[in-house]
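Heads up: the structure comes next, in structure tokens.
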Amino acid sequence: MKKPSIVTFIFFSALYSAQASAAQFESIIKAFATPAKADYNVMMWEDTQKIKGIKWSWPYYESGAHDHTMIGKTKVGKDKNPNIGDTEVRIEGSRMNLNSIFIDINMEGENPSKKQINDLFGAGKVTKVPTPCDEDEFYSYSVATYKFQKSGYNPVYIRSSASWGASGAGGTGHEIYYDLPESCN
């Protein structure tokens with residue numbers, strides 16, 4: 001029997017770590033997605049106060065002094081290796097409104113399945129949406145786009161991208177938008 005490689009070990013450790021922290025980012029969806037019966041279509045900076053488990057570099061009301069951006073840190077999973085699951089959350093917006101959220105998880109593994117999207121963002125209907133941006137290069141990179149609708153909220157779009165190398169290094173990024181992005185950047 002062949003001994004598992006370090007890449008296999010890191011992949012499964014990261015996958016287990018991500019699954020162990022079910023719905024870790026549910027509060028992000030609740031702060032970002034607009035309520036289904038609302039007469040508005042974007043959320044305000046004050047709504048970021050609803051987000052749990054993130055250590056922000058500055059409070060929401062200072063976002064204007066930082067190019068209308070908030071940056072925070074957290075960890076996905078319970079792996080003792082500080083690099084596996086090390087996560088940066090970045091929220092961008094205009095002077096008053098939130099526009100998008102970026103979640104970059106170091107050494108997480110591959111693009112998530114629909115179930116794993118629910119594990120990260122909570123209960124909701126997940127539909128894979130084909131876009132020109134989607135890629136699946138078996139060896140090193142993939143991009144997938146999902147429509148995510150939590151009960152009682154309007155849908156948001158999550159574009160997930162993953163990269164990995166021979167050493168096992170890499171990560172997964174999740175970009176959350178109100179509308180399907182027009183560009184792949």
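The values are calculated or read from the model by the stated rules, or taken from the named source; none is laboratory data. Since the structure is predicted, the reported quantities are computational estimates derived from the model, not experimental observations. Note: ideal-geometry Cβ built from the backbone for every residue, glycine included; neighbour counts use all protein chains shown. Ligands, DNA and RNA are excluded from the accessible area calculation, which covers all protein heavy atoms including side chains. Shrake-Rupley method; radii C 1.70, N 1.55, O 1.52, S 1.80 Å.
What to note about this one:
- Surface composition of the stretch 22-139: carbon plus sulfur atoms hold 52% of the accessible area, using a 1.4 angstrom probe and ignoring ligands, DNA and RNA.
- Modelled label positions at residue 182 and residue 58, each set 7 Å beyond Cα in the direction of Cβ, lie 3.0 nm from each other.
- Distance histogram in 10 Å bins (all Cα pairs of the stretch 28-101, percent per bin): 19, 47, 25, 8, 1
- Unsatisfied cross-links (Cα-Cα over 25 Å) in the set 78/147; 30/80; 55/147; 80/147; 55/80: 78/147; 30/80; 55/147; 80/147
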